[in-house]
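Read through the structure below, which is laid out as structure tokens, and then see the notes.
Nothing in this text is a laboratory measurement; each read-out follows from the coordinates by a stated rule. Predicted, not measured: the structure shown is a model, and the values here were computed from it. Every residue, glycine as well, gets a Cβ built from its backbone with ideal geometry; the counts of neighbours run over all protein chains shown.
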Amino acid sequence: MAFTKIASTDMSGTTTVSFTSGIDSTYKLYQFTFIDIHASLQSSVAFGGSINGGSDSYAVNKTSTAVRNINNEADNDGKVEFRSAHALADSSDFQYLTEAIKTDADSNASGNLYLFNPAGTTYAKHFMSSVNTMESSDYTQQLMVHGHFITTSAINAIQFDLMNTDSATFDAGTIELWGLS
């Protein structure tokens, strides 16, 4: 088994990033890789899915759970906690993938989102992610999200957006889309 790169998007200067092609029946597992994501204003990265190439505002309902692991550089404030604010229950809201990314020069987010059998038409479409943020108060924060799109229709487009502010843009970073064969 090997990963095949399908697409790569430089996020600099954008407010949203949409993948409207390349998500089909070619692969049973798709991976989005986030590399050094940084925003102009303190923001969180979130995503939504579409069953018609993005024309439905990426509003496919989903249910999820979210857990955060944190620790500071002094190693005296580590914990694991359920994040009810990022868990969804039959909601069309975008799913948070990160905690707020600060705007400090060294703050960023990196990680992965996996989408399982998005072209299938029998079962719900499961996803899971693990994204780590380095934020300005010297904490590393990992948000792990697991859930599913509540549809038996094929998911064929994914959009990533910045949440918590209306005017933020991505300053830097790359999202890569991979398929596993």
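Evaluated over the Cα positions of the stretch 24-83, the convex hull gives a direction-averaged projected area, one quarter of its surface, of 7.2 nm². Close amide H pairs (under 5 Å, H built 1.01 Å from N) link Lys125 with Phe149, Thr151, residues at least 5 positions away or on another chain. Selection among Tyr27, Thr4, Gly54 by position relative to the dipole of the stretch 1-73 gives Tyr27 as farthest towards the positive end (Cβ unit charges, Cα centre).
Partners of Lys102 within straight-line reach, counting aspartates and glutamates whose Cα lies under 15 Å from its Cα and excluding those fewer than 8 residues away in the same chain: Asp36, Glu135, Asp138, Asp171. Using the Cβ-Cβ distance between Met1 and Thr121 with R0 set to 22 Å, the FRET efficiency from 1/(1 + (r/R0)^6) comes to roughly 0.40. A straight Cα-to-Cα reach below 26 Å connects Lys28 with the lysines Lys5, Lys62, Lys125, residues fewer than 8 places away in its own chain not being considered.
Note on the chain: with charges restricted to the Cβ of Lys and Arg (+1) and Asp and Glu (-1), its dipole about the Cα centre is near 780 debye. Checking (i) 26, 18, 16; (ii) 23, 19, 18; (iii) 28, 23, 21 against semi-axes √(5λ) of the Cα gyration tensor in Å calculated from these atoms, the matching label is (i).
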